[in-house]
Amino acid sequence: MLPAKVSDRRRILLLVFEQAEQSRELARLLANIAMVRAVHVSELEKLNPIPAVAIVCDFDLRSGKSFRAVQAELARPFHRDVPRLVVTEKNRSLGVVEAGALGITDSITRPFDDELILGWFRSRFVSGFERDISELGPSLKSGLQLAHAAVARMFEGVAAGAALTAEDVAAQEEPTIEAIRAASLRGWLDAVRLHHSQSYRHCLAVTGVAVAFAQQLGMNLADQRRIARAAIVHDVGKAQIPLAILEKPGRLSEDEAALVREHPVLGHATLAQASGEFSDETLDAVLHHHEMLDGSGYPHGLSGGDVSDMARIVGLADIFTALIEDRPYKPAMPRPRAYETMEAMGAKLDRDLLRAFRPVALYN
């Protein structure tokens, strides 16, 4: 049923199910939170140890045989202190005896509130990224920790209605620049892939790609900082998109895609409200990083010289990152193929910049 190959480089959610069709929706929903390993209750006794960060139980609690099988599994030593959630039906609460016997820490109610479920997991796992990168070299770890803090402030703070300031993102600029210089873009991207959230991974990866490109272009430190700042906030508008859409494990509907396409305008408005905290250059990059030189981009259909240099650089980094990312509905492209795909975009991209980007795409 549904799941996914186990990897030590990704968080694993153990989903214990009884009816495959009934649990399919939940497994798909959780697929963008972490790697989902779904196991039927009848297979638990054959299960090898799984380093799960949470266990979700979706079975009929009134079924004595299934209940005992799950209880035995959760009693195994390697599940000690792991959060356990149980799926309950609407209008049926979890009994005290059942909760105590299984060590349940929370429940999920069917029919599912996607936003609530995704928010529950993301809020609990957001700090886990720092544990995952704890053994990296000091420069790379420091850069990633501070960049991650900036992205967390953006997605969690802005989503909650808090203002984002330049100070919130400035602390990551020089550490990110040094991390890319010391560990290379490849090292940065390898570490970023450890993050459970697609939205976080994307912002961190775009920032790394953009900074590596700035270094390839020979920009001085001040200009590299400008690039790092624009890149880290380029998707700030997505903080206002419902989480269930933003991290949907599958292709978006037309209405959902249209809403996501509003994120440049939403992001520009968010930063513009910060009373001059962010430069016009940064605001322009946030608003126009999806514009194409041939006028086919959005939100304003700009073309040629109307697309600023900063928007071109951040946009190029954004496209490359999207191509090399693993998504639930598509595998990641190898970096050479991603570059070839960008070459095939013709007049949409700045050809001179794309040629200069080649060493970053293929070798950095």
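The values are calculated or read from the model by the stated rules, or taken from the named source; none is laboratory data. All of these numbers come straight from a predicted model, not from anything done at the bench. Note that we place each Cβ from the backbone using ideal geometry, even for glycine, and neighbour counts take in every protein chain shown. In case anyone asks, the SASA skips ligands and DNA or RNA and just uses the protein heavy atoms, side chains included. Shrake-Rupley method; radii C 1.70, N 1.55, O 1.52, S 1.80 Å.
Listing for the model above:
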| item | result |
| --- | --- |
| Theoretical FRET efficiency, 1/(1+(r/R0)^6), r = Cβ-Cβ of S296 and R358, R0 22 Å, to 0.05 | 0.45 |
| Cross-link table K238/K348; K90/K248; K141/K248; K141/K348; K141/K330, entries beyond 32 Å C-alpha to C-alpha | K141/K348 |
| The chain - percent of accessible surface contributed by carbon and sulfur, probe 1.4 Å | 50 percent |
| For the chain: relative contact order, % (alpha-carbon pairs under 8 angstrom, 6 or more apart) | 13 percent |
| Separation between Cα centres of segment 243-270 and segment 187-241, rounded to whole Å | 19 Å |
| For segment 117-206, with +1 on Lys and Arg beta carbons and -1 on Asp and Glu, the positive-most of V206, S142, L118 along the dipole | L118 |
| Per residue value of the accessible surface for segment 182-284 (all protein chains in place, 1.4 Å probe), Å² | 37 Å² |
| Order by protection proxy (mean Cβ within 10 Å, highest first), peptides 242-249, 38-45 | 242-249, 38-45 |
| Calculated FRET efficiency for the pair D326/R110, C-beta based, R₀ 25 Å, to 0.05 | 0.30 |
| Global form of segment 163-291, assessed from the alpha-carbon gyration tensor, a/c cut-off 1.5 | oblate |
| Between 0 and 90°, nearest 10: helix 114-125 axis offset from the chain longest Cα axis | 80 degrees |
| Cα gyration tensor shape of segment 116-234, rounded if a/c is under 1.5, else prolate or oblate by comparing a/b with b/c | oblate |
| Accessible area in the full protein assembly, largest first, 1.4 Å probe, for S66, S107 | S107, S66 |
| Distance (nanometres) between label positions extended 7 Å along Cα→Cβ at D306 and A162 | 3.8 nm |
| Relative contact order of segment 252-364, defined on C-alpha pairs under 8 angstrom at six or more residues apart (%) | 19 percent |
| Pairs of Cα atoms farther than 14 Å apart, segment 262-349, % | 66 percent |
| Sequence-separation-based contact order of segment 179-284, relative, with Cα cut under 8 Å and 6+ spacing, percent | 22 percent |
| Shape category assigned to segment 15-66 from the gyration tensor of Cα positions, a/c cut at 1.5 | oblate |
| Approximate shape of the chain as ellipsoid semi-axes (Cα gyration tensor, √5λ), whole Å, largest first | 40, 21, 19 |
